[in-house]
Amino acid sequence: MQTSSPPRSLSPLARRIRAVLWEWDPIGVRLIGEGWPDDEYDDLLLPIMAALAEHPDADELAADLRTVLETDYGLPSPEGCHDVARALLELNGSHRRP
């Protein structure tokens with residue numbers, strides 16, 4: 001998974017993913033204060049949607065999230081990857097690959 005430019009208009013799934021990412025807030029922008037744009041994590045939308053289309057399990061998606069946050073965002077061992085992965089899988093109604 002690599003970050004990418006977000007789509008111009010967001011699908012319902014992309015809006016739900018955005019809400020999960022904003023709630024998680026792995027870089028802590030909400031702690032800094034008001035004024036951060038809603039699209040702070042939109043570069044993760046397309047990669048997450050592509051990953052969900054592959055029907056990963058929570059461990060696989062969490063590992064992808066951890067990797068992209070460590071690599072692209074420079075975060076050491078971001079917390080909450082498994083919880084967010086499970087929430088994202090529930091949003092999409094994704095199921096583990098057979």
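The values are calculated or read from the model by the stated rules, or taken from the named source; none is laboratory data. Not measured: the values here are computed from a predicted model. Cβ placement follows ideal geometry from the backbone for every residue including glycine, while neighbour counts extend to all protein chains displayed. Heavy atoms of the whole protein, side chains included, go into the accessibility calculation; ligands, DNA and RNA do not. Shrake-Rupley method; radii C 1.70, N 1.55, O 1.52, S 1.80 Å.
Using the structure shown, decide if E60 is touching a Phe, Trp or Tyr at 6+ places or on another chain (Cβ under 8 Å) and open to solvent by less than 90 Å² (accessible area, probe 1.4 Å). Step through it out loud before you land on a result.
Working: touching a Phe, Trp or Tyr at 6+ places or on another chain (Cβ under 8 Å): no; open to solvent by less than 90 Å² (accessible area, probe 1.4 Å): yes.
No.
Scanning the range 11-65 for residues that are in contact with a Leu (Cβ under 8 Å, 6 or more places away or on another chain) and of a type in the set (F, W, Y) turns up just one, Y41. Residue count for the range 48-67, restricted to those that are within 20 Å of A14 (Cβ to Cβ) and either of a type in the set (S, T, Y) or modelled with pLDDT under 90 (or both): 0. Residues in the range 72-98 that are open to solvent by 70 Å² or more (accessible area, probe 1.4 Å) and either of a type in the set (D, E) or free of Cβ contacts under 8 Å to residues at least 40 places away in the same chain (or both): D72, P76, S77, E79, D83, R86, E90, P98.
From the list W36, W24, which residue is surrounded by fewer than 17 Cβ atoms within 10 Å (Cβ to Cβ) and not charged (D, E, K, R)?
Working: W24 fails: surrounded by fewer than 17 Cβ atoms within 10 Å (Cβ to Cβ).
Exactly one residue qualifies, and that residue is W36.
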